[in-house]
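Below is one structure, written out as C-alpha cells; the observations come after it.
The values are calculated or read from the model by the stated rules, or taken from the named source; none is laboratory data. All values derive from a computational prediction rather than experimental measurement. Counting neighbours? That spans all protein chains shown, and the Cβs are built from the backbone with ideal geometry, glycine included. Each accessible area value is taken on the protein alone, full model and side chains, heavy atoms only, with ligands, DNA and RNA left out. Shrake-Rupley method; radii C 1.70, N 1.55, O 1.52, S 1.80 Å.
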Amino acid sequence: MHAPNVAYINYQNISDNVAQICKVIDKPVMAVVKADAYGHGLIKSSHAALLGGAKWLGVALLSEALEIRRAGIAAPLLAWLTPPGADFESAIKNDIDLSISSLQQLQEIYAASLRVGLIARVHLKVDTGMSRAGALDEFPEIVSELTRLCAANEIELIGTWSHLACADEPAHPLNAEQIKRFKSALEYMNDENLNPGIRHLANSSAIIGLPDATFDLVRAGLLIYGLSPTNVPPRNISLKPAMELRARLLLVKNIPQGATVGYGATVEVDKETKIGIVAFGYADGLPRSTDGSAYFLHNDLPAHLIGRVSMDQCAIDLGIDSVAKAGDEVIIIGAKPLANDLAKAAGTISYEIVSGIGSRTPRIPVPPENQVSEV
Ligand SMILES: *Cc1c(COP(=O)(O)O)cnc(C)c1O
C-alpha cells in the first residue's frame, strides 16, 4: 500500500450482514447508504446490500440518489432530505421516491411532476416525537391534499413513515409513545380514505431491540456495515465489520523520561518509551477529543494513543520493548479495535467515526479471502 492510510472495505461482509437482517426481520429491508454509505463507498455498498437481499435503498440527499441511478441501479430508492427548490424534476424522471413533511414540499413535488408529465412517488413523513423532519401541524391538511391527489391518480403515495429518537434505549418511554403516535396517524389516514402504503419506522437499533416498530419495512444503516448502534453486540445477528482502517507508521523512535508529546504538552512520559507516528489526524476523521484510552493494533498488540491528535497525525505509545519499525502497519479500526471502541475514547458514536473518515483515505475493496474476522 502506497498511501499512508487505507480503509479496506469488505463488501461481502455488507452482503452477509444484510442477509442476516433479512432473515431475522422477515420483512423487506431498505439499506441506508447515505453519506457515502457511512464512509464505505456509495455504489459498491449499494450493490453489496442488494446482493445480500435488500429490496430498497435509502439516502438523505437527492445528489446521492442520482448518483445511484447514474450507476445503473434500478432498485426502489428513497431520498428524504430535499430543500425547497430541489431538482424534483430529475428525481421524478429517475424514479426516486421523495419524502413529504410539509404542504410546500408536496406542492413543489406535484408541480414538478406536472412539468415532466410523470406521477411522483412520495412517502409521507410524520413527526411522531423527533421534532426533525416530518409533518406535525400541517399533517391533516397534507392528508386531505394527498387524498385528493391520490384519488385523481395525480400522485402516488408509496409509503408513510417516521423516525425514532431513542431506539438505542429500548426501554425509553418515547419509543412506545412514538409507535402510538405513528399508529394513530395511520388510523387517521385510513379514516380519511388515504391508503398509507408501506409503513416504515425502524432503524438499526429498532431492528435489534424494538420488534413493535417493524411494520412493513425496516431501514437498516449502521448494522449493514457490521457495527452495533449500541456498544453491546446484538444477540441474533453476528455482525461482520466491513471496514478495516490501516495506517503505516511514519516514524518510530524512543523518547526519554520527561518528554512531552503533542500540542499543549498534555502528556509527559514517566519513563523512556517508544512512540510511533501515524499520519492520521482530525482532518482524516480521528476526533481531536480522542483520549489515551484509544488504541491501535500493531502485530495484534494494543498501542495507546498518546498526546493530542493533530490535524494530520497522531502518536501511539508502542512501549520500550516494541519491535515496531517505520513502515509497519497498524490497525486503527476493524474487527479489533471496533469503531465503537475508538468512538468511546473520542466521546462519540461509531456512526461519526466511520462516516467521518475523510477523502484522503482511499477505500480499497478486499476480496473475500481477506475478510476481517467476525466479532
Ligand atoms: C440514517 C437514517 C436511518 C438509518 O439509521 P441506522 O441507525 O444507521 O440504522 C434510518 N432512517 C433515517 C430517517 C435516517 O436518517
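Table: residues versus (1) on the phi > 0 side of the Ramachandran plot; (2) within 16 Å of the ligand (Cβ to nearest atom); (3) open to solvent by less than 60 Å² (accessible area, probe 1.4 Å).
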site	(1), (2), (3)
74	no, no, no
82	no, yes, yes
97	no, yes, yes
104	no, no, no
111	no, no, yes
116	no, no, yes
120	no, no, yes
126	no, yes, yes
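If you check residue 156 against the conditions, is it away from the ligand (no atom under 16 Å from the Cβ), touching a residue at least 24 places away in the same chain (Cβ under 8 Å), under 16 Å from residue 101 (Cβ atoms) and in the same structural domain as residue 78 (by TED's automatic domain parsing)? Taking the combined requirement at face value, the residue does not satisfy it. Scan the range 1-34 for residues that are within 16 Å of the ligand (Cβ to nearest atom) and in contact with a strand residue (DSSP E or B) (Cβ under 7 Å, 6 or more places away or on another chain) and jot them down. The answer is 18, 21, 22, 25, 27, 28, 29, 30, 31, 32, 33, 34. Number of residues in the range 142-158 that are closer than 10 Å to residue 119 by Cα and of a type in the set (S, T, N, Q): the value is 1. Of the listed requirements (1) touching a residue at least 60 places away in the same chain (Cβ under 8 Å); (2) open to solvent by 10 Å² or more (accessible area, probe 1.4 Å); (3) of a type outside the set (S, T, N, Q); (4) within 12 Å of the ligand (Cβ to nearest atom), residue 246 misses just one: (4). The residue that is nearest to the ligand (Cβ to nearest atom), among those in the range 204-239 that are open to solvent by 30 Å² or more (accessible area, probe 1.4 Å) and part of a loop (DSSP other than H, G, I, E, B), is 230.
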